[in-house]
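The values are calculated or read from the model by the stated rules, or taken from the named source; none is laboratory data. Note that the structure is predicted; figures quoted are calculated from it, not measured. Here the Cβ is made from the backbone with ideal geometry for all residues, glycine too, and neighbour counts use every protein chain on show. The area values use the complete protein model at the heavy-atom level, side chains included, leaving out ligands, DNA and RNA. Shrake-Rupley method; radii C 1.70, N 1.55, O 1.52, S 1.80 Å.
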Amino acid sequence: MGNENEGRASRAEEMRTRLLDAAEKLYAAEGSTALTNRKISAAALTTTQSIYTYYGSREALIDDMYRRAIEGVQSLLDSTVVVAPPVEQRTPHSIVDTFQTLARAYRQYCLAHPARFRLLRAAGADPEAPEEAGQLRERLVATLIGFGRSGGHWQDPIYENRVRLTVSAVHGFIMAEIDSFVRPEHGGDRLFDELVYRCLVPYEQLEAVEFDWSNTSVPPAG
């Protein structure tokens, strides 16, 4: 009996994932207007009844799309903060390094899951988006501001705007890559790191903070 229940639960989870993946692919290709019961079930190679059986409603499925996207970003944020140096050991240099590590991981996540990136980016204007999705960017900004100011560093009031500018620039760069406006193979890693660095570090300190090129595909010039 136990094995039978486990098998049923496994099949249900597999179908939920299939429907979720199908909805994500439709969203990436055609936008939110494509997220109808008929199109989602057809893309998942099943019937519209499956949406009601495994999710209860189309709205619950869309909520799960947002949940998966939010959890992926939150996991990146949590793991980066965990491996960062303790507060008493943080320096402006180590703070920049941590920001770069998070930005690189976030970029790779978004390029691997473009539908999730688009979904969260448009959450503020989507009436079907859960409130948590619309607040995610502000939570990210608040976390980064608090992290940068920890240990008494970067107390200048302009720092908050530097963080906001950095987050906006990162989103713009990733969107340009997803839309193939910027080609990653043409120095994309280097350009991305340079963008984060130049947005975050005050101009007068550019020479004072050593730039780590270790994770870039193109070596620095000169």
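Filtered by the rule that a residue be open to solvent by less than 20 Å² (accessible area, probe 1.4 Å), assigned to a helix (DSSP H, G or I) and among the β-branched types (Val, Ile, Thr), the range 146-201 gives 163, 166, 167, 170, 174, 196. Scanning the range 36-55 for residues being open to solvent by less than 10 Å² (accessible area, probe 1.4 Å) and not hydroxyl-bearing (Ser, Thr, Tyr) gives a total of 3. Checked against the criterion of being polar (S, T, N, Q), in contact (Cβ under 8 Å) with a residue 60 or more places away in the chain and open to solvent by 50 Å² or more (accessible area, probe 1.4 Å), the candidates 79, 32 yield just one match: 32.
Can you find even one residue in the range 6-18 that is more than 29 Å from residue 137 (Cβ to Cβ), surrounded by 14 or more Cβ atoms within 10 Å (Cβ to Cβ) and without any contact (Cβ under 8 Å) to a residue 24 or more places away in the chain?
At the first step, the residues of the range 6-18 found to be more than 29 Å from residue 137 (Cβ to Cβ) are 6-15, 18.
So of that shortlist, the ones also surrounded by 14 or more Cβ atoms within 10 Å (Cβ to Cβ) come out as 15, 18.
Then keep just the ones that are without any contact (Cβ under 8 Å) to a residue 24 or more places away in the chain; that gives none.
No, the range 6-18 has no match at all.
When residue 96 is tested against the conditions (1) farther than 24 Å from residue 31 by Cα; (2) under 18 Å from the mean Cα position of the chain (by Cα), the lone failure is (2). The condition (being more than 21 Å from residue 183 (Cβ to Cβ), modelled with pLDDT of 85 or more and either open to solvent by less than 50 Å² (accessible area, probe 1.4 Å) or not in a loop (DSSP other than H, G, I, E, B) (or both)) is satisfied by just one residue among 119, 111: 119.
Every residue, every condition in (1) under 18 Å from the mean Cα position of the chain (by Cα); (2) crowded, with 17+ Cβ neighbours inside 10 Å; (3) farther than 17 Å from residue 68 by Cβ, yes or no:
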site: 91; (1), (2), (3): no, no, yes
site: 106; (1), (2), (3): yes, yes, no
site: 124; (1), (2), (3): yes, no, yes
site: 134; (1), (2), (3): yes, no, no
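Taking the conditions (1) open to solvent by 60 Å² or more (accessible area, probe 1.4 Å); (2) among the β-branched types (Val, Ile, Thr); (3) closer than 30 Å to residue 149 by Cα; (4) modelled with pLDDT of 85 or more in turn, residue 73 satisfies each one other than (1).
Determine, yes or no, whether residue 118 is touching a residue at least 40 places away in the same chain (Cβ under 8 Å), under 30 Å from residue 58 (Cβ atoms) and either touching a strand residue (DSSP E or B) at 6+ places or on another chain (Cβ under 9 Å) or of a type in the set (Lys, Arg) (or both).
yes
Exactly one residue out of 61, 26 is within 21 Å of residue 114 (Cα to Cα) and open to solvent by less than 10 Å² (accessible area, probe 1.4 Å): that is 61. Would you be able to tell me the number of residues in the range 35-50 that are within 18 Å of residue 63 (Cβ to Cβ), part of a loop (DSSP other than H, G, I, E, B) and of a type in the set (A, V, I, L, M)? Going through the range 35-50 one residue at a time, the tally reaches 2.
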